[in-house]
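To start, the structure under review is shown below, and the notes come after it.
The values are calculated or read from the model by the stated rules, or taken from the named source; none is laboratory data. Because the structure is predicted, anything quoted here is derived from the model rather than measured. Note that we place each Cβ from the backbone using ideal geometry, even for glycine, and neighbour counts take in every protein chain shown.
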Amino acid sequence: MSHAGSIAGVAERFWVETLGCPKNAVDSDKVRASLLDDGLEPAAGPDQADLVVVNTCAFIDAARRESIDTILSLADARAPGARLVVTGCLAERAGDELAAALPEVDAVVGFAGEADLASVAVDGPRRRPRGVRDLLELPRAAPLAPWAYVKVAEGCDRACRFCAIPSFRGAQRSRHPDALLTECRGLVEAGAAELVLVAQDLAWYGRDIGEPGSLAPLVARLDRELTPLGLRRLRLLYLYPSEVRGPLVDTMLDTASVVPYFDLSLQHADRALLARMARWGSGERFLSIIDGIRDREPDAAFRSSFIVGFPGETEAAHEQLLDFLAAAHLDWAGFFAYSPETGTPAATMDGRVPDTVVREWLAECDEVQAPITAAGRDQLVGAELAVLVDGVDPDTGELVGRTHREAPEIDGTIRLVGASARPGVIVRAKATEALGTDLVAEPIEVLA
């Protein structure tokens with residue numbers, strides 16, 4: 001399917017477009033590393049590249065539609081003769097179907113080929129054969145922002161009935177702590193002041209290599225060895241609620257660089273519906289976890305996401321979710337309509353909820369949560385904040401950053417008015433105004 005011309009004497013240029021979650025962003029970083037290692041150079045944009053790579057998402061139907069739309073858009077925008085390669089979750093999950101449906105695409109490459117895209121997509125040998133490369137273990141380029149995602153494991157061992165991820169990402173495969181430390185050290189030395197640890201099931205890191213409960217020791221080690229090198233913050237995303245207890249909570253609350261930000265994978269609050277999803281928990285258990293953490297750290301921040309319209313959800317179950325939201329006072333919450341995924345048990349379950357009802361329930365969830373999020377931001381007006389500077393807003397020219405309450409690319413930001421500081425430093429600032437999910441703040445002093 002490739003139609004490249006000669007590359008003799010000229011380094012070809014590449015562009016990687018990333019869709020989906022932070023875990024995909026890490027994969028794209030590794031793909032870039034492999035292409036750089038194979039002698040290609042980054043392009044300034046997709047229209048200036050000889051090779052355009054689309055790293056797709058296939059989590060739910062909306063994500064698949066976005067992936068297809070992006071592929072078609074880049075097919076039109078690419079330079080004449082440039083090759084278009086599709087990889088990532090959609091390529092792995094529906095490779096043959098995708099290749100047949102999209103003649104605009106020159107190659108569809110699954111996970112096994114992601115670390116060797118040059119050999120698939122570019123004519124001629126690019127490097128000496130050296131065996132199959134492990135995408136997870138490839139080096140990272142210097143981060144473009146003063147923060148970076150770090151994927152500590154791949155795959156998932158859970159069997160949630162709505163989720164297709166284990167079917168194409170496979171069982172959990174935890175990375176060795178030494179390899180993670182090496183990657184994290186390189187990122188910090190290259191300017192990352194905040195590291196964001198991610199995985200499909202972060203809290204189960206280490207179980208597959210005989211070390212259950214080893215996320216806490218990993219976090220403690222990263223703090224101990226990287227703080228002297230310039231690490232300011234560690235953030236943990238995607239925590240299954242049953243594992244948010246004991247040593248992990250102690251480590252998160254007692255380790256200086258770990259921010260008290262709890263991204264809990266809750267999905268719902270009704271006990272019976274969660275059991276139908278093959279999930280642990282209930283609203284009462286979740287509130288107990290949240291209240292216990294707030295008792296120890298009143299400034300802790302909480303985020304979660306919820307599925308609305310799972311087969312069998314009743315009006316009573318939906319009311320349970322609304323009651324939970326009102327009681328939990330989460331800082332951030334996202335709500336998603338249930339999407340039937342081929343091959344999952346939920347796709348064939350009875351009790352489908354009509355689309356009109358799902359839309360109504362989504363609106364009701366937003367009606368409960370939006371004022372809670374807004375009130376939380378309003379309460380911070382007048383408070384002093386420790387803000388990690390991310391960079392300059394290209395639209396306003398103002399510095400923007402985040403406190404411990406805001407994960408990068410997901411939550412709101414802090415707009416620093418009249419500030420002068422380089423990315424990666426922490427500024428003490430006073431919040432003066434809430435603008436939606438953002439805060440406006442005036443700088444007081446640079447802390448570190």
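Numbers at a glance
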item	result
Test: residue in segment 269-289 that is among the charged types (D, E, K, R) and under 25 Å from Leu195 (Cβ atoms)	no
Residue check, Asp254 of a type in the set (D, E, K, R), farther than 15 Å from Leu330 by Cα, out of contact with any strand residue (DSSP E or B) (no Cβ under 6 Å at 6 or more places or on another chain) and free of Cβ contacts under 8 Å to residues at least 12 places away in the same chain	yes
Pairs, first surrounded by 11 or more Cβ atoms within 10 Å (Cβ to Cβ) in segment 346-361, second of a type in the set (A, V, I, L, M), C-beta under 7 Å, six or more apart	Val358/Val308; Val358/Ala337; Trp361/Val308
For Gly334: the one exception among (1) part of a strand (DSSP E or B); (2) modelled with pLDDT under 95	(2)
Any chance Gly88 is under 27 Å from the mean Cα position of the chain (by Cα), buried (at least 21 other Cβ atoms within 10 Å of the Cβ) and among the small types (Gly, Ala, Ser)	yes
Single residue of segment 1-32 satisfying the filter (of a type in the set (Asp, Glu) and not in a loop (DSSP other than H, G, I, E, B)) that is modelled with the highest pLDDT	Glu17
Residues of segment 41-51 that turn out to be over 18 Å from Thr87 (Cα atoms) and assigned to a loop (DSSP other than H, G, I, E, B), as a count	3
Residues of segment 192-210 classified as over 17 Å from Tyr240 (Cα atoms) and either of a type in the set (Val, Ile, Thr) or touching a residue at least 24 places away in the same chain (Cβ under 8 Å) (or both), total	5
Unmet requirement for Pro408, which otherwise passes all of (1) under 24 Å from Val196 (Cα atoms); (2) more than 23 Å from the chain's Cα centre (by Cα); (3) assigned to a loop (DSSP other than H, G, I, E, B); (4) at pLDDT 95 or above	(2)
Filter result for Ala421 (modelled with pLDDT of 95 or more and among the hydrophobic types (A, V, I, L, M, F, W, C))	no
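Conditions tested, residue by residue: (1) among the basic types (Lys, Arg); (2) more than 24 Å from the chain's Cα centre (by Cα); (3) over 30 Å from Leu399 (Cβ atoms).
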{"position": "Gly312", "(1), (2), (3)": "no, yes, yes"}
{"position": "Leu325", "(1), (2), (3)": "no, no, yes"}
{"position": "Ala328", "(1), (2), (3)": "no, no, yes"}
{"position": "Phe335", "(1), (2), (3)": "no, no, yes"}
{"position": "Pro354", "(1), (2), (3)": "no, yes, yes"}
{"position": "Asp378", "(1), (2), (3)": "no, yes, no"}
{"position": "Gly382", "(1), (2), (3)": "no, yes, no"}
